[in-house]
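Below you'll find the structure, written out as C-alpha cells, and then a few comments.
Throughout, read-outs are computed from the coordinates displayed, never taken from laboratory work. All values reported here derive from a predicted model rather than from experimental measurement. Please note: Cβ atoms are built from the backbone with ideal geometry, for glycine as well, and neighbour counts cover all protein chains shown.
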Amino acid sequence: MGLKFKGFGGSGSFPHGVHPPERKNFSGAAVIEVIPSPGQVLLPLLQNVGAPAKTSVKAKSEVKMGDKIADAGGFVSAPLHAPIAGKVGKTGVCTLTNGRHVPAMPIRAEGEQIEGKELWEKIFGGQWPKNADKYSPKEIVDAIQAAGIVGLGGAAFPTHVKYVPNEEKPIDTVLINGCECEPYLTSDYRMMLEVPDPIICGSLLLAKASGAKDVIIGVEDNKPEAVEVLKKAAAGTGIQIAVLPTKYPQGSEKQLILAVTGREVPLGGLPLDVGVAVSNVSTTAAIAGAVVKGNPLTHRVVSVTGAGVQTPKNLLVPFGISIGELIEACGGLTKDATRMVAGGPMMGFAFSDMNSPVTKGTSGITILTHEDLKKEDETSCVRCGRCVDVCPMNLVPTKIAMASRHRDTELAQQYNIMACFECGSCAYICPANLPLVQLVRTGKAEVIAAGKK
Ligand code: SF4
Ligand code: SF4
C-alpha cells in the first residue's frame, strides 16, 4: 500500500534504537470495551508530573461523575474529577505501580452511574468539528487546564503547560504522537481506529492554541489500518500524516521530533526549544472532549495484555479502579503468569499489588509468563559496546551503570545520566544481561538526593 515516509524536514528515523518483538497481536484486534462501573475507586492525589492535587471536597461529600474533587497544586499540576457518582471517604494512602506511596481519596459508588454505551457516547460520541474557529487560544488552554488533562502516553505531564503562549519560543509545529512503539501496548492504536474524529478535532484545537501552522500525526508503519483511518478523518483539514519506519523508541518525544522534522532537541532542552509541541493521540482526543463537550478527564483506555492474561483486552476504565478489577474483566491470570508490568516491557515498572489504582499515566498492564522472562544469568560486562550502539541519546550506558554501581554521582553526571529517558534499549541488547535501566534509575535517585543535601 506504499506506506512511505513523506519528508517534513526529517529523514523519517533517528540514529540507533532497537527492534524488539512487537507482540501487538495479543490485544491489537480487541475492540475497546467499557468496563462495568466499579463499587469504589481510590484516586491518588498525585497522577501527574509536578505538584500533587489538593483535595477540595470533604469526607462524606456526595459527588457526581465529573465533579472536581481536588484542585491543581500549582501551575505544573492538574485538578482531579470524580470518575463515578458516590460518597467521598477519608483520604488515605495507596501504592502506585511504581512503588510510591501517595495520598489517595476513596469514592464509594452511590446513586445512578453513567456507564456502558451512555458513557462511551458521553466521552466519544457526537459530532466533532473539523476546525477550531469557535474557540480562542485562551479558551482552549483554559479548558485543557480545567479538565485536568495530562499526557496519556505515560508521561503524565500537565498538557496546558506546553501550550501557554510563549513569545520567546513560538511553536510552529504540533506533532501528534501515534507511534505507540512500546511492545504489547495497543490502547493508542485502538483509539486511532475507533475514535479518529476527536483525535483530529483535538489536533486542530492544539494548532489554534499554539499558533502552529503545521500539524503532523506520526504513526509507525506497523499500523497501516490506523494510517488509513486517520487519513480519511483528516481529509480537508490540512493535517498531515507522517508514516514512520517501525523502530524503538520512535514514540519518544525527542526521537519523534528528529525523525519527522529533522530538528534536534538539545541535551537537557525541551521540544519548545525547536518550535515543536508534542501530544499523544489519546491526549488529543481528551482535549477535544474538554473543549467541545466540557468533559473533565475521568477515564482512559488501558490495554491489559500479554500471554499471562486469559483474554487480553483494551478497556475504557475510570481512574482509581484497581488493576485487579481490570485483570478480572479479562478473565484473570493464566497459570503461568509470572510478572505484572505497568506499561510495556521496555519502559514499564514491575509491580505486585493488585490493589494499585489506574492513574492518568496507566497506558497498559502487561502480564508476562515464565517463558517470556527466560533469561540467562547476569554476567560481567564484556565491553562489546552494543549498549552504546543502540542508545538513542548517544549516551554510554555501560559507564553510567558503573558510576551508579559505585554510587559516584559526579561521574554519573559527567556521563549525562539525567539525559537518559529509561527507554530500555541498552538493557534489551546487553548480552551480559546487566540491569542497566535499574542502575540508571538508582543512579538518578542518588544524583537527586545529592542535590538536596
Ligand atoms: S542509557 Fe537510557 S536512553 Fe540510552 S539506551 Fe539506555 S535506557 Fe535508553
Ligand atoms: S551491552 Fe552490556 S556487555 Fe556490552 S558493553 Fe554494554 S553493558 Fe557491557
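Amide H to amide H distances under 5 Å link residue 81 with 69, where only residues 5 or more positions off or on other chains count and H is placed in the peptide plane. Under 5 Å between amide hydrogens, built in the peptide plane, is the criterion, and for residue 104 it picks out 45, 92, 93, 94 among residues at least 5 positions away or on other chains. Take every Cα pair under 8 Å whose residues are at least 6 apart in sequence, average their separation, divide by the length of the range 1-160, and the relative contact order is 22 percent. Simple rule: put +1 on each Lys or Arg Cβ and -1 on each Asp or Glu Cβ in the chain, find the dipole, and look at 445, 402, 66; the Cα lying farthest toward the positive end is 445.
Neighbours of residue 391 by Cβ distance under 14 Å: Lys/Arg scored +1, Asp/Glu scored -1, total +2.
Compute the relative contact order of the chain as a whole-number percentage, counting only Cα pairs closer than 8 Å that sit 6 or more residues apart in sequence. All intermediate terms of the calculation are to be shown ahead of the outcome.
Details: 1056 pairs, mean separation 88.7, N = 453.
Rounded, it is 20 percent for the chain.
For residue 49, nonlocal amide neighbours, meaning residues 5 or more places apart or on other chains whose placed amide H falls under 5 Å from its own, are 157.
The aspartates and glutamates whose alpha-carbon is closer than 19 Å to the alpha-carbon of residue 90, local same-chain residues fewer than 8 away aside, are 62, 67, 71, 110. Put in line by how crowded their Cβ is, counting other Cβ atoms within 10 Å and starting with the fewest, 440, 304 read 440, 304.
Looking at the range 386-452, I'd like the Rg to Rh ratio, where Rg is from alpha-carbon atoms and Rh is Kirkwood's inverse mean 1/r.
Using Cα coordinates only, the ratio equals 0.94.
Toward the positive end of the charge dipole of the chain, about the Cα centre and with charges on Cβ (Lys, Arg +1; Asp, Glu -1), which of 186, 241, 109 goes farthest? It is 109. In sequence order, the range 14-26 has phi-based couplings of 9, x, 6, x, 9, 10, x, x, 6, 6, 7, 5, 4 Hz under the Karplus curve 6.51 cos²θ - 1.76 cosθ + 1.60, θ = phi - 60°, and Gly or Pro positions carry x. For the range 168-174, the Karplus equation 6.51 cos²θ - 1.76 cosθ + 1.60, evaluated at θ = phi - 60°, returns couplings of 6, 10, x, 9, 10, 9, 9 Hz by residue, with Gly and Pro reported as x. Note on the chain: with charges restricted to the Cβ of Lys and Arg (+1) and Asp and Glu (-1), its dipole about the Cα centre is near 560 debye. With only the Cα atoms considered, the chain has a convex hull volume of 143 Å³ per residue. From the cross-link list 68/223; 68/360; 375/399, which pairs have alpha carbons spaced over 27 Å apart? Correct reply: 68/223. Its DSSP H runs of at least 4 residues, each contributing -39,500 (n - 2.57), put the calculated 222 nm mean residue ellipticity of the chain at -8000 deg cm²/dmol, to the nearest 500. Sequence-ordered 3J(HN,Hα) estimates for the range 301-316 from the Karplus curve with 6.51, -1.76 and 1.60 and θ = phi - 60° stand at 8, 10, 7, 10, 8, x, 6, x, 10, 4, 10, x, 9, 10, 10, 8 Hz, glycine and proline given as x.
Which percentage, to the nearest 5, of the DSSP beta bridges contained in the chain is antiparallel? Each step should come with its number before you reach the end.
Working: 36 of 56 bridges.
That works out to approximately 65 percent antiparallel.
Spin-label pair residue 389-residue 374: with each label point 7 Å from Cα along the Cα-Cβ axis, the two points sit 2.5 nm from one another.
Here the Kirkwood formula puts the hydrodynamic radius of the range 201-328 at 16.9 Å, using every distinct Cα pair.
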